[in-house]
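The values are calculated or read from the model by the stated rules, or taken from the named source; none is laboratory data. These numbers were taken from a predicted model, which means no experiment stands behind them. Cβ placement follows ideal geometry from the backbone for every residue including glycine, while neighbour counts extend to all protein chains displayed. These accessible areas exclude ligands, DNA and RNA; they are computed on the full protein's heavy atoms, side chains included. Shrake-Rupley method; radii C 1.70, N 1.55, O 1.52, S 1.80 Å.
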Amino acid sequence: MSLSDELYRETILDHYHHPRNRGVIEKPSTLVEGVNPLCGDELTLYLQVEDSKIKDIKLTAKGCSINTASGSMMTDAVLGQSIAEAQKIIDSFKHMMLESREKDVSLPENMEELEALQGVKKYPVRIKCAILPWNTLTQAIKNVSANNSEKSTKVEMS
Amino acid sequence: MLNTNEIRKDFPILSREVNGKKLIYLDNAATSQKPIQVIDAISDYYKRYNANVHRGIHTLSEEATTAYEETRELITDFIKADDSKEIIFTANATAAINLVAFSWGKANIKKGDEIVLSPMEHHSNLVPWQMLAKETGAKLLFLELTEDGQIDMESAKEWIGPHTKLVAITQMSNVFGTINPIAEIAKLAHARGALLLVDGAQGVPHIPTSVHELQCDFLAFSMHKMLGPTGVGVLWAKREILEAMPPFMGGGDMISSVKLTSFTANELPWKFEAGTPNIADVIASGAAITYLNKIGMQAVREHEIELSKYALSLFAETSKNGMGDDLVLYGPLDASKRGGVFSFNLGDIHPHDIGQILSDQGVAIRAGHHCCQPLMNELGVPGTARASFYIYNTKEEVDMLFTALKEAKKVLGHVSIR
């Protein structure tokens, strides 16, 4: 397998070509923009939370394949989950990408698909692309938890 | 075409492999590779005559000073300047432009004055002027560009006006490759009593440059893009302008005498070279100039025109390059009006994805905004992929670029509309 094959696995390409949960929510509980100024990745995340559950999540994004695929897989993973469970998923994903650089880790069954993104770890400059949607979701959950739903906010990767 | 077989023998790095593939280095607009003569000049200095310059009376210091000052003479001739006292060594082209902004600029720019720039400026020839404008209340004006990335000279006639104090323009765009009509712009600026600064970071390494032909007042460039080491920039300016400019940084070497509460500045060029300079790399920059002189800058230019014509033909022939309408090239299509810098996009594929797949095939290009974010906004893209050539590149390497692009399209093509 060449390096490219490792990075651009079938699952990633599928999500890149057919991103899930693409679009907008008219009246979301919160809306957060995420940008990665260095490479120009931009996304807007809409989150609808009811009874502490993610009722709906939508993304509009302009970015590279890794950024798009990561965002798409993230929406799949957290849709319908409780806020607490979503936060756990975020933490496991970020641990996989950031803390465990050297070796591949296994994720819980409901997150198995996300393991495809581990190939990105071999390319340190691309990790940010994969992380951006997740940091944006973290901010969205913070907004909802703090009842800060009126205000849209912005996440910038540095 | 240059004898690339012979030239490549001088560049050790070109024989290394990347990801199991032969390295094809097409990121010369970011930095060039270095010939063994330059690499040896650095270690030779440290091994044989490492000493501070302009200070000691001992032999090593004299040898170091002589070698350091020899580079100044070589550069004087290289850009056809009259006087080596007009050559100031800085850390890079950015530092050279900042020197002008903060020494000449603060002394000469006042509220209501206008500084005229182009939208194709590198951040290094934009942000210093933004900082100066903010501090002084001066206004920044921007020339307009044509569809194919050239300066619209009609807009230059319009924007360079009675309040213009400075025009600051790149000699060659690091995105489009456009070679700008500097002498024409100089005439417009001088007719209004304004000065002209030329950012030569991209131009000086690739086209024969004469400060007299350019008719500029300041020229800034960087040695690392022209076979030299990193850490050496050059500012050239007319002697009377430099004489009138206040010192920029204070410290050792830039003074002729110091009392407790006052100092007398040194004479040119040392007035602007405070502190121990980058001696080893300035000396090695001399080896880079000597190397380019041996080839001849006219021959360098002709080699790049040949490569550019070849690349342009491949970009144009979609049937040949197999990329269909997806491949979009920015900048002039006439090789005589551009250097060997090719910015492009491939459908909706993000430039970073292109760069990654090319890298896996050993092809090194740049992907991103090229320190030209306002220009990317103007083009309406997050960035571009960019391939740029130099003396050691071959037509076979241009072929490899297109082979690698085909692979990128195969892996990532057919992007759905999002």
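A Cβ distance below 6 Å, combined with a sequence gap of six or more or placement on separate chains, defines the contacts here; from the range B:348-363, residues that are facing another protein chain (nearest Cβ under 9 Å) reach residues that are among the basic types (Lys, Arg) in the pairs B:Gln361/B:Lys21. Only residues that are crowded, with 19+ Cβ neighbours inside 10 Å and either not assigned by TED's automatic domain parsing to the domain that holds B:Leu14 or not hydrophobic (A, V, I, L, M, F, W, C) (or both): list them for the range B:376-393, please. Correct list: B:Pro382, B:Gly383, B:Thr384, B:Arg386, B:Ser388, B:Tyr390, B:Tyr392, B:Asn393. Checking each residue in the range A:108-128 for being exposed (fewer than 15 other Cβ atoms within 10 Å of the Cβ) and within 14 Å of chain B (Cβ to nearest Cβ) picks out A:Lys122, A:Pro124, A:Val125. A count restricted to the range B:171-201 and to residues that are within 12 Å of the chain's Cα centre (by Cα) and open to solvent by less than 10 Å² (accessible area, probe 1.4 Å) stands at 8.
Here's the yes/no breakdown for (1) of a type in the set (Lys, Arg); (2) part of a strand (DSSP E or B); (3) touching a Phe, Trp or Tyr at 6+ places or on another chain (Cβ under 8 Å):
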{"residue": "B:Thr230", "(1), (2), (3)": "no, no, no"}
{"residue": "B:Pro247", "(1), (2), (3)": "no, no, yes"}
{"residue": "B:Asp253", "(1), (2), (3)": "no, no, yes"}
{"residue": "B:Ser257", "(1), (2), (3)": "no, yes, yes"}
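Taken over the range B:210-244, the criterion of being open to solvent by 10 Å² or more (accessible area, probe 1.4 Å) and among the polar types (S, T, N, Q) is satisfied by B:Ser210, B:Gln215, B:Thr230. If we keep just the residues of the range A:107-121 that are free of Cβ contacts under 8 Å to residues at least 60 places away in the same chain and acidic (Asp, Glu), which is farthest from A:Met74 (Cα to Cα)? Here the residue is A:Glu109. Contact list please: Cβ distance under 7 Å, first residue in the range B:255-274 and free of Cβ contacts under 8 Å to residues at least 24 places away in the same chain, second residue basic (Lys, Arg), pairs at least six apart or on different chains. From residues that are free of Cβ contacts under 8 Å to residues at least 24 places away in the same chain, the pairs are B:Ala265/B:Lys271.
Pairing each residue of the range B:403-418 that is closer than 13 Å to B:Gly324 by Cβ and more than 10 Å from chain A (Cβ to nearest Cβ) with any residue that is modelled with pLDDT of 60 or more and open to solvent by 30 Å² or more (accessible area, probe 1.4 Å), provided the two are 6+ apart or on different chains, yields C-beta distances under 8 Å for B:Lys406/B:Gly322; B:Lys409/B:Gly322; B:Lys409/B:Asp326; B:Lys409/B:Gly347. Between B:Leu292, B:Leu242, B:Leu268, B:Leu235, the distinction of being assigned to a loop (DSSP other than H, G, I, E, B) and hydrophobic (A, V, I, L, M, F, W, C) belongs to B:Leu268 only.
If the condition is being buried (at least 23 other Cβ atoms within 10 Å of the Cβ) and within 13 Å of B:Ala194 (Cα to Cα), then the range B:90-116 contributes B:Trp104, B:Gly105, B:Ile115, B:Val116.
Filtered by the rule that a residue be in contact with a helix residue (DSSP H, G or I) (Cβ under 7 Å, 6 or more places away or on another chain) and within 26 Å of B:Ser285 (Cβ to Cβ), the range B:1-23 gives B:Leu2, B:Arg8, B:Asp10, B:Pro12, B:Leu14, B:Leu23.
Might you let me know whether the range B:20-33 holds any residue that is modelled with pLDDT under 95 and either part of a loop (DSSP other than H, G, I, E, B) or surrounded by 18 or more Cβ atoms within 10 Å (Cβ to Cβ) (or both)? For the range B:20-33, residues modelled with pLDDT under 95 and either part of a loop (DSSP other than H, G, I, E, B) or surrounded by 18 or more Cβ atoms within 10 Å (Cβ to Cβ) (or both): present.
Tell me whether the range B:380-394 contains one or more residues that are touching a residue at least 40 places away in the same chain (Cβ under 8 Å), part of a helix (DSSP H, G or I) and either within 22 Å of B:Tyr25 (Cα to Cα) or within 14 Å of chain A (Cβ to nearest Cβ) (or both). No, that holds for no residue. Whether any residue in the range A:74-92 is hydroxyl-bearing (Ser, Thr, Tyr) and at pLDDT 95 or above is what I want to check. Yes, that holds for at least one residue. The residues of the range B:273-317 that are touching a Leu at 6+ places or on another chain (Cβ under 9 Å), open to solvent by 30 Å² or more (accessible area, probe 1.4 Å) and modelled with pLDDT under 95 amount to a single one, B:Ala316. Anything in the range A:45-94 that is out of contact with any strand residue (DSSP E or B) (no Cβ under 8 Å at 6 or more places or on another chain), without any contact (Cβ under 8 Å) to a residue 40 or more places away in the chain and farther than 13 Å from A:Pro133 by Cβ? List them, or say none. Scanning the range A:45-94 gives A:Glu50, A:Asp51, A:Ala84, A:Glu85, A:Lys88, A:Asp91, A:Ser92. Evaluated against (1) of a type outside the set (Asp, Glu); (2) farther than 30 Å from B:Lys21 by Cβ; (3) at pLDDT 90 or above, A:Ile12 falls short on exactly one condition, (2). One residue is enough: does the range B:35-57 have a residue meeting the conditions assigned by TED's automatic domain parsing to the domain that holds B:Glu267, touching a Cys at 6+ places or on another chain (Cβ under 6 Å) and outside any loop (DSSP other than H, G, I, E, B)? No: zero hits. Within the range B:325-334, if we keep just the residues that are surrounded by 12 or more Cβ atoms within 10 Å (Cβ to Cβ) and outside any loop (DSSP other than H, G, I, E, B), the residue that is modelled with the lowest pLDDT turns out to be B:Asp326.
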